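Beneath this line is the structure, given in structure tokens, with notes to follow.
The values are calculated or read from the model by the stated rules, or taken from the named source; none is laboratory data. Since this is a predicted model, take the numbers as computed values, not measurements. Quick note on the areas: whole protein, heavy atoms, side chains included, nothing else; ligands and nucleic acids left out. Shrake-Rupley method; radii C 1.70, N 1.55, O 1.52, S 1.80 Å.
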Amino acid sequence: MTLNDAELGKEYIIDAIDTDGDEEMESFLFSLGCYSGEKITVVDKKRNLVVAIKDARYNIDPELAGAINI
């Protein structure tokens with residue numbers, strides 16, 4: 001399942017990043033700390049998702065969230 005399907009407040013482990021070959025998106029997600037084996041939590045869901053990775057929070061859009069498999 002993707003991050004778009006995650007429950008609020010529940011910690012997940014990133015299984016894979018699937019950007020369909022978009023290296024720029026993959027590089028951006030990696031710079032945020034989104035890579036296989038990392039823990040991620042959805043803190044808020046409105047139009048975009050607020051996610052916690054390590055000790056930081058990021059606001060990501062549904063397209064980016066759809067590339068993160070948990």
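Points to keep in mind about this one:
- Counting 0.36 nm for each residue step from Asp18 to Ala56 and taking away their Cα separation leaves a gain of 11.5 nm.
- Sorted largest first, the principal axis extents computed over the alpha-carbon atoms of the chain equal 29, 24, 21 Å.
- Excluding ligands, DNA and RNA, the accessible surface per residue across the chain is 62 Å² with a 1.4 Å probe.
- The apolar share of the surface of region 1-43, taken as the fraction of accessible area on carbon and sulfur atoms (1.4 Å probe, ligands and nucleic acids excluded), comes to 46 percent.
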